[in-house]
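Just so you know, all these numbers are worked out from the coordinates, no wet-lab data involved. This is a predicted model, so every value here is computed, not measured. Here Cβ is always computed from backbone atoms with ideal geometry, including for glycine, and neighbour counts include all displayed protein chains.
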Amino acid sequence: MKKFTIISAMCVLLLIPAVAVFSHCEIPCGIYDDGMRIKMLWEHITTIEKSIKTIQTLEKEKDHNSNQLIRWIMNKDEHANQLQEIVTQYFMTQRIKPDTKNYSKKLENLHQMLIYSMKCKQTTDLSHVEKLKSLLTNFEKLYFEK
């Protein structure tokens with residue numbers, strides 16, 4: 001009976017999906033690298049763009065590889081999720097304070113980034129990627145202005 005319980009517990013643990021979370025701590029630790037986070041956002045946008053272009057190419061093929069198509073869709077969605085995580089958990093939660101200059105503009109810009117990353121998950125419309133690039137460029141200027 002004891003062996004069955006241990007085996008059952010192990011099976012249950014294997015069924016629980018492992019989720020990797022890369023968010024910044026909320027202690028606050030005081031260790032921030034805003035420039036690195038911006039670079040990460042650019043990398044996610046570039047990856048989303050490449051994924052969309054690859055998806056579009058694969059969809060045009062008469063006998064496309066469904067496995068590859070699904071993998072690129074999952075890749076696109078995962079990078080959009082990671083972009084949303086940085087925007088919400090890093091910038092909106094920890095870095096943009098109500099008393100900062102252009103607070104409302106920064107929040108509006110970040111919120112639009114969340115919307116367009118969602119649209120990137122919903123479609124393969126490259127105009128959403130272009131909008132993300134524009135929003136990130138604008139946010140970068142607002143955030144690092146002196």
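You can think of it this way: the chain between L114 and E130 has 4.4 nm of extra reach, that is 0.36 nm per residue less the Cα-Cα gap.
At a Förster radius of 22 Å, what calculated FRET efficiency corresponds to the Cβ-Cβ distance of D34 and K141, to the nearest 0.05? Kindly include the intermediate steps, with their values, before the conclusion.
Values: r = 13 Å, r/R0 = 0.60.
The calculated FRET efficiency here is 0.95.
If I model a spin label as a point 7 Å beyond the Cα along the Cα-Cβ vector, how far apart are those points for M74 and Q56 in nm? About 2.4 nm separates the two model spin labels. Our compactness index for the range 41-144, the C-alpha radius of gyration over the empirical 2.2 N^0.38 Å, is 1.19.
In order along the range 57-72, the phi-based Karplus estimate (6.51 cos²θ - 1.76 cosθ + 1.60, θ = phi - 60°) of 3J(HN,Hα) comes to 5, 5, 5, 6, 5, 4, 10, 6, 7, 4, 4, 5, 4, 5, 4, 5 Hz; Gly and Pro are listed as x.
Label sites at Q89 and Y103, each approximated as a point 7 angstrom past Cα along Cα to Cβ, lie 2.5 nm apart. Simple rule: put +1 on each Lys or Arg Cβ and -1 on each Asp or Glu Cβ in the range 41-144, find the dipole, and look at T47, N65, V129; the Cα lying farthest toward the positive end is V129.
Sort S51, S104 so the one with the fewest other Cβ atoms within 10 Å of its own Cβ comes first. Intermediate values should be presented prior to the final figure.
Values: S51 23, S104 8.
Going from least to most buried by this count: S104, S51.
Think of each Lys and Arg Cβ as +1 and each Asp and Glu Cβ as -1; about the Cα centre, that makes the dipole of the range 41-144 roughly 300 debye.
Taking trypsin sites (Lys or Arg not before Pro) across the range 70-110, the ones in a DSSP loop with at most 11 further Cβ atoms lying within 10 angstrom of their Cβ are K101.
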